[in-house]
Structure formats: structure tokens, C-alpha cells
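Comments concern the structure below.
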Amino acid sequence: MTKHSTNSKVDFYFEKAEKWKAEIEQMREIVLDCHLSEELKWGSPCYTFEKANIVLIHYFKEYCAFLFFKGALMKDPYNILIQQSDNVQAARQVRFTNVQDILAKKEILKNYIFEAAEIEKTGQKVELKKVSDFEIAEELQHKFNSDADFKKAFYALTPGRQRAYLLHFSQPKQSKTREARVEKNIGRILDGKGLND
């Protein structure tokens, strides 16, 4: 097999990078050496196998990372996969802060990429939490109790939209902030719209 080529639609991502330029270019070289197709998704380089998302390259202020879409199913013998937050169910990151770390893990990373592609080939799925498993903010429950139409509209939303709202409403520490978030989104929910629609 020959090494897959770069996709010109993705080049801008590597060109615009300042802080992590050398690191993400090295990551790109590693993942392309694993014979995946390079695409642009969510504004980032995404690597696919037969159109299925395997791994994404992205960077933040403190680090750059590979994001494995079904990382929760991976074995992780080197204990390098990181769950970004408690709310992230399927994806896992491998984070880097320098090129030397990437080069030192080159073969390990390739093995992880091949494992992620194999998981996709076999059709394995991450079992996501059901909407009923998520906490309902007290302020949202009050609104449900006082407005049956609102409650009905909320539960008519798709499970993904319900999850997004539940997470959004329960995040703030202060009750008044949670209440303000609920109030702000009543119209959207009654219109059948998600948080980001």
C-alpha cells in the first residue's frame, strides 16, 4: 500500500497553526502513514476509513491532540487515552505538548490508529447513556412541574437535543444561572429546536 496523500482542503489548518505547527505536522505524517483518507470536518483534519471517522487532529491553548472517535472502546495498554470531561462518552484524546513526545510514541500511535480502524471495521458501537441517565437540573424540573406543554415539548425533542439541554442546564454552579438558562431556552424548546439549531 502506498502512503495516502494530503487533502488540499485541509492544508489551511496546518498553515494557520502557530504554536503547535511542528507537532500537528508530525501527527499528520503519522496518521497518513496509516493509510487513512484525510478530510476536513468540523474545521479540523479528520481521518477516515471507508467514510467512517477514525481520528481527528486538533489543538488548544495548552496542547494538541489526536481525538479517537470511539476511544472508549480501545484497549489503551499505554494508558495514554484521556476522557476530556465526564460528559464525553465515546471519544478519547492523546495529548501532546512537544514534537519529541510524538516521535517517541510514533509506533504506539500507529498501533492505536490501526486498532481504532479495526473497531470501525467490525462495526462496534459505544453504548451511550440514555437521556434518562442524565441529571435533571432542579430548575428544569420546576419548569416541568409548572408547565405541562413545556415538558411535553422537551420530551418531543430528539435524544441528542435533550442531552445537550440537560448538560447545558446543569453545568452552572449557581441556581439563578441555571434558571436563567432554562428561561432563555423555553421558546427554542417549544419550537422544537435544539440548543445549537
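Some observations on this one:
- Per-residue ellipticity at 222 nm, computed for the chain from helices alone with -39500 (n - 2.57) per DSSP H run of at least four residues, works out to -13000 deg cm²/dmol.
- Between the C-alpha center of the stretch 14-53 and that of the stretch 124-171 there is a gap of 34 Å.
- Calculated on the alpha-carbon coordinates, the convex hull of the chain measures out at 152 cubic angstrom per residue.
- The chain - accessible surface per residue (Å², probe 1.4 Å): 58 Å²
- The 3J(HN,Hα) values that the Karplus relation (6.51, -1.76, 1.60; θ = phi - 60°) gives for the stretch 164-181 are, in residue order, 4, 5, 4, 5, 4, 6, 8, 5, x, 6, 8, 4, 5, 6, 4, 4, 4, 5 Hz. Gly and Pro appear as x.
- Percent accessible area from carbon and sulfur atoms, the stretch 22-130, protein chains only, probe 1.4 Å: 48 percent
- Converting the Cα gyration tensor eigenvalues of the stretch 57-112 into ellipsoid dimensions via √(5λ) gives semi-axes, longest first, of 18, 15, 8 Å.
- Residue pairs, from the table K129/K193; K121/K151; K16/K184, whose Cα atoms sit over 30 Å apart: K121/K151; K16/K184
- Note on the stretch 136-197: Kirkwood radius taken over Cα pairs, Stokes-Einstein applied at 25 °C and 0.890 mPa s, translational D equal to 216 µm² s⁻¹.
- GNM remark for the chain: springs join alpha carbons under 10 Å apart, and the peak mean-square fluctuation among E39, E183, E50 falls on E183.
- Cα-derived Rg over Rh, computed across the stretch 8-57 with Rh taken as Kirkwood radius: 0.94
- Averaging over all projection directions, the Cα-based convex hull of the stretch 1-90 occupies 6.8 nm² in the image plane.
- Whole-Å semi-axes of the ellipsoid equivalent to the stretch 104-180 (Cα gyration tensor, √5λ, descending): 39, 17, 8
- Long pairs among K41/K106; K70/K173; K9/K41; K75/K110; K21/K106, criterion Cα-Cα beyond 19 Å: K41/K106; K70/K173
- Hz values of 3J(HN,Hα) by residue in the stretch 54-68 - Karplus curve (6.51, -1.76, 1.60), Gly and Pro given as x: 10, 8, 10, 9, 8, 9, 10, 5, 8, 6, 10, 7, 8, 10, 8
The values are calculated or read from the model by the stated rules, or taken from the named source; none is laboratory data. Values in this document were obtained by computation on a predicted structure and should not be read as measured data. The protein model used for the area step is the full one, side chains on, heavy atoms only, and it has no ligands, DNA or RNA in it. Shrake-Rupley method; radii C 1.70, N 1.55, O 1.52, S 1.80 Å.
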